[in-house]
2 protein chains.
Amino acid sequence: MHNEFELIARYFTPAPPAPEAGVTLGVGDDCTLLAPTPGHRLAVSVDTSVAGVHFPDAAPAEAIGHRALAVSLSDLAAMGARARWCLMALTLARADDAWLEGFSRGFRALCAATGTALVGGDVTRGATTIGVTVMGEVAPRAALTRGGARAGDLLAVTGALGGGAGGLALWQRGERDPAHPLLVRYLWPQPRLAAGEALLGLATAAIDISDGLLADLGHVLEASGAGAELELEALPLAEGLVAALGDEQARRAALGGGDDYELLLTLPAERLDEARRRLAALGLPLTVIGRITDTPGVVGAEDGVPGGWQHFQGQPDQGERP
Amino acid sequence: MHNEFELIARYFTPAPPAPEAGVTLGVGDDCTLLAPTPGHRLAVSVDTSVAGVHFPDAAPAEAIGHRALAVSLSDLAAMGARARWCLMALTLARADDAWLEGFSRGFRALCAATGTALVGGDVTRGATTIGVTVMGEVAPRAALTRGGARAGDLLAVTGALGGGAGGLALWQRGERDPAHPLLVRYLWPQPRLAAGEALLGLATAAIDISDGLLADLGHVLEASGAGAELELEALPLAEGLVAALGDEQARRAALGGGDDYELLLTLPAERLDEARRRLAALGLPLTVIGRITDTPGVVGAEDGVPGGWQHFQGQPDQGERP
């Protein structure tokens, strides 16, 4: 067993950050010192990933590292904030060099890909638990919140849905091909940071789909005091989802499964073309799946998904998910 | 079992923060939005407390809540930063209302006492683990780092030492009187935030004593490229420590025990009176316990503490502590 300080030194002491990272005193003192961009808001969020609860114990270490950061960065994406910094609280049952090497590689690669500097960490012994705090920046009054949806707005999603739940279902059936598109979706979620920034000034509300489409739509509707009509047939389903699960389970996965980390957003119809143009430049489709109404509730998913509806009615519990 | 959202809503949704808290969008969206003070540095740190590792499972819930925040705030104190915001990643084995109520009360009371706004959280199910990220502010080039100690500087500590280890030893012997001064020291550590701010411009280096005096002194000496002479007889021992542990164990606790969360600092002799005046106004003694030299290593603790020396030689491991 290595001690805490050796672990940190070996895997998590960042290289001296680039000047543009805004780190004026790096890791190694009691705190790290950062230089926020003048005139901006700081967007902050924390998410915890627990082994056996939020990801399978036996998932590839590299994917676990990627995923732990991705789910936190997804919250920045949903605000349209630019990712700047993160801190990691890593609790490990044991120090396994190969696992740590993979975990660190996955975590760092996503840091590099998103311009996020790792600026703090703590490594302790206990049941494997990863808490990641992320910090981003956004101009005042520009952030995409949950409360801005208005009757008449279109309801749209980036990318495709159901891949998270579909990938988990396949994993539980024993599928281990790392290139299977559904496993890729589940194990390597992509925080839609560039899409969130591109939607600033266009979207009226946004949220990332972590609990499931219906549950997260419910959060937007509650915050906005609005309702929605869904077009089930319009839902963009993840590649391979119907083939793997069949029609009905595929629709359930897309509506209620969660872990997709796509953005659900609302916007006036006249901004749709511009939004699609900007996202197309990022290689990301934007699909209209309904519209916002002023009648509370959701129309169009009644014969949908008991599990999904239960989520939507306020019973999501990350802790219940495998 | 309550679900994640009910838990957060009931215990951790803050009241709308005061305008001076700098929270422009409060908890309840994907991120919280903060307004950093223009021209300041942001000081950030994260610490994890694991049940059965960093605190006894059976410790009072209110003390656990206080302690989890205190150990993180102590890092801000050691930089001289003003506490502003915190985020909590709470993983719980089960949702026990009475425990949560106490935990939340202890956490919130320290937030209020230190002017720290709780601006984010995540509650998940798993082995009880509390990760607290803190964010504070300090003027550029003013922060107290570990690397500024110079030969000739005095070495000093705030408050008294050994209470953390002494309190833990008493707890393990079955002492449960919540008013016992050593249990108070162990269960309710006080982050020296006001002291840290008061020492800006006076101290040349500072660190909080979490791993033990010798270990933390080692961090300062390593960062400063210096050595130290310790005066063992000068160590200020916590109230009741010698009575509870005897002379030798009391000295071991003060040198190597950790969990005291006092500040260890260095400063030129001519600033000592001013530093003492400022800390006296906070009700806090400042005791000179040695001086900085240019000879690497520590003189004066040779016949001290095997455990302490082991700490000092680079083997501290929070995970090993009960």
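The values are calculated or read from the model by the stated rules, or taken from the named source; none is laboratory data. These numbers come from a predicted model, not from an experiment. So basically every Cβ, Gly included, is an ideal-geometry build from the backbone, and we count neighbours across all protein chains shown.
Worth a mention:
- For the residues A:Arg108, A:Arg141, the requirement of being facing another protein chain (nearest Cβ under 10 Å) and of a type outside the set (Ser, Thr, Tyr) singles out A:Arg141.
- When B:Arg67 is tested against (1) touching a Ser or Thr at 6+ places or on another chain (Cβ under 6 Å); (2) more than 9 Å from chain A (Cβ to nearest Cβ), just one condition goes unmet, and that condition is (1).
- Index of the failed condition, B:Ala226 passing every other in (1) closer than 20 Å to B:Leu110 by Cβ; (2) buried (at least 21 other Cβ atoms within 10 Å of the Cβ); (3) over 19 Å from the mean Cα position of the chain (by Cα): (1)
- Qualifying residue in segment B:163-175 (condition: of a type in the set (D, E, K, R) and more than 20 Å from the chain's Cα centre (by Cα)): yes
- Verdict on A:Met135 being modelled with pLDDT of 95 or more, in contact with a Lys or Arg (Cβ under 8 Å, 6 or more places away or on another chain), buried (at least 22 other Cβ atoms within 10 Å of the Cβ) and not charged (D, E, K, R): yes
- B:Pro189, sole failed condition from (1) out of contact with any Leu (no Cβ under 9 Å at 6 or more places or on another chain); (2) in a strand (DSSP E or B): (2)
- Taking the criterion of being more than 9 Å from chain A (Cβ to nearest Cβ) and out of contact with any helix residue (DSSP H, G or I) (no Cβ under 9 Å at 6 or more places or on another chain), the residues of segment B:111-136 that qualify are B:Ala112, B:Ala113.
- Test: residue in segment A:206-217 that is of a type in the set (A, V, I, L, M, F, W, C) and surrounded by fewer than 21 Cβ atoms within 10 Å (Cβ to Cβ): no
- Checked against the criteria, B:Asp97 counts as over 20 Å from the mean Cα position of the chain (by Cα) and among the charged types (D, E, K, R).
- Residue within segment B:91-100 that is within 11 Å of chain A (Cβ to nearest Cβ), buried (at least 23 other Cβ atoms within 10 Å of the Cβ) and among the small types (Gly, Ala, Ser) present: no
- Count - residues of segment B:15-62 that are within 11 Å of chain A (Cβ to nearest Cβ) and without any contact (Cβ under 8 Å) to a residue 40 or more places away in the chain: 8
- Strands (runs of 3 or more DSSP E) wholly inside segment B:1-118 that include at least 2 residues being modelled with pLDDT of 95 or more and outside the structural domain of B:Leu264 (by TED's automatic domain parsing): B:32-34, B:41-50, B:82-92
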